[in-house]
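Structure first, commentary second.
What follows draws every value from the coordinates through simple rules; no lab data is involved. All values reported here derive from a predicted model rather than from experimental measurement. Here the Cβ positions follow ideal geometry from the backbone for every residue, glycine too, while neighbour counts run over all protein chains shown.
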Ligand code: FEO
Ligand code: CA
Ligand code: CA
Ligand code: CA
């Protein structure tokens, strides 16, 4: 636990304007350096292949290097349990691949080696990082902690779904171990020094073209088409017609101990199965661990998990199974400004065997369907959730956008999702009753409606005090009580249509007590900005630049010039690379001050 360095933060930086430049822009007095880009060696002793700019690294080499498309991440000070700010471990998600960039000739041809390389380029990196003391940070190589977890890493299944019939496959008849994690979107560190990585759009790698889809497959988006990854073409594990239960083994939160490179990661099934955006952990006054989670799809839900047992700050080992037992809840936001956490428990409140919920295993595997039964509130794509660093019990969630709200045949506006054609999204806030994260009731309000004051349509104007933005996604409080917001305007709309003139994706800071949003950073062309971590002294900020130069997935001719980005190395180097960026204040001060 980290002491707060400032009780009443004030934003001291001069905001940066909208940007149309292929670079990271920070305010005067700040510097941004690339730390760890796709293809950089993770740092395993004797196995540190260099990145080859023509994408000719093999699948085996890729499994020893940074994956693609960095997303959520966390900083863990070294040694374990300290609050140092100069040396630590970072766990970093690699959400998915852009195969147009990953292979020499992109997707022009297709084969099993390309699938293997893609499977090696997703998952998680654990790296050791250090402040050099000479104005910058570096990855420590080699490092005994260095590790890559990818789509073929053995992972244990724990919690209510372990051994369930729907988790059993030919390769794993007991349903206790799965190969891999992928589509790792947001994440969260735990107070006991582990990393929770979240499987989001897992349906995108599975195909079932039998012409028959079960209700479960339909509810989770499995269809006769994948999202373009073509894994099922070469690796039949991802053919859901042949392996109907394999998709059930994804869509979970995975816990990783970054301090023990030999430890086996664990899928914590008590936290439910959905398109997990993130997992934000806090400790309730009673000592129970509480995990807040969003399911990022249009009209999906916000969940929380409350552990049965209590967090023990003096016994790390005793916390290692805290997330296997407890109660999973889903949120209902009522029009009077109150809200309820509805328990998803087999045998209670209509979650009965005749409805398909004979056991808690059924409930967690079909968490979305259980939440439907309970009448939870269908939200405008819940992305990240942040707990106020000074006010436990005050929680914020980005609802990134939902242009289907109010369309024919779709749910109309409600109090918590008040705008039709919600192209800019909003941030919702709730206060748990009694300031207790384990409470089953809360009061809520809308913290901000994103938008632009010069919009043509009323529903796109928003009510931002300060700098304009939309499609907020990454969200985190720093140690001082400043809320940081990262945007992910999609490639199909960034600087176009309703977003025309708003430039590249951005990072903003806001002190909730004043409500003034100030633009802190803008990213290179075609990127999303995501992943955010601070050192405990709040003097180093890490962010991730994801998919710079998107879309390049259609690019199949290696001679074709890169369309819109060559970040970070510039035009001569070739391919754009997702990367972790370190931001410092030149005078050594606190970020944002
Ligand atoms: Fe991977 Fe919902 O963002
Ligand atoms: Ca996201
Ligand atoms: Ca997003
Ligand atoms: Ca993304």
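Worth a mention:
- Using the rule -39500 (n - 2.57) for each DSSP H run of four or more residues, divided by the residues of the chain, the 222 nm mean residue ellipticity is -1500 deg cm²/dmol.
- Coarse-grained scattering of segment 404-481 at q = 0.15, 0.16, 0.25, 0.26 Å⁻¹, given as base-10 log I(q)/I(0) from a Debye sum over alpha-carbon atoms: -0.66, -0.73, -1.19, -1.22
- Relative exposure of 586, 102, 449, judged by other C-beta atoms within 10 Å (fewest first): 586, 449, 102
- Quarter of Cα convex hull surface for segment 280-379, i.e. mean projection, nm²: 7.3
- Separation of segment 5-53 from segment 336-377 is 42 Å, based on Cα centroids.
- Where only C-alpha atoms are counted, convex hull volume of segment 379-526 per residue in Å³: 110
- Extension gain, residue 87 back to residue 227 (0.36 nm per residue minus Cα-Cα distance, nm): 46.5 nm
- Pair-distance profile P(r), taking every C-alpha pair of segment 1-104, with 10 angstrom steps and integer %: 11, 28, 33, 21, 7, 0
- Distance between modelled label sites at residue 236 and residue 31, nm, 7 Å Cα→Cβ extension: 5.6
- In the frame of its principal axes, segment 370-417 has Cα extents of 43, 25, 17 Å, reported largest first.
- Shape class for segment 31-166, computed from the alpha carbon gyration tensor (a ≥ b ≥ c): oblate, with a/c not under 1.5 and a/b at or below b/c.
- With all pairs of different C-alpha atoms in the average, the Kirkwood value for the hydrodynamic radius of segment 166-268 is 14.6 Å.
- Cα gyration tensor, segment 237-319 - rounded (a/c under 1.5), prolate or oblate: oblate
- Between segment 424-454 and segment 465-544, the alpha-carbon centres lie 18 Å apart.
- Residue order, fewest to most surrounding Cβ atoms within 10 angstrom, among 374, 502: 374, 502
- With only the Cα atoms considered, segment 140-182 has a convex hull volume of 99 Å³ per residue.
- Residue 325 paired with residue 410, simple spin-label distance in nm, labels 7 Å along Cα-to-beta-carbon: 4.3
- The tail of the calculated P(r) for segment 354-453, taken as Cα-Cα distances beyond 22 Å, holds 43 percent of the pairs.
- Taking the inverse of the mean reciprocal distance over all distinct Cα pairs, the Kirkwood hydrodynamic radius of segment 451-523 comes to 12.7 Å.
- Binned Cα-Cα distances of segment 180-338, short to long, each 10 Å bin given as a whole percent: 11, 36, 30, 18, 5, 0
- As a rough guide to protection, the peptides 155-165, 36-46 ranked by mean Cβ packing within 10 Å, highest first, stand as 36-46, 155-165.
- Cα convex hull volume per residue for the chain (Å³): 144
- Cα gyration tensor category, rounded, prolate or oblate, for segment 73-132 with a/c compared to 1.5: prolate
- Counting neighbouring beta carbons within 10 Å and listing from fewest to most, the residues 56, 389 come out as 56, 389.
- Of all beta bridges that DSSP places with both ends in the chain, some 95 percent have antiparallel geometry.
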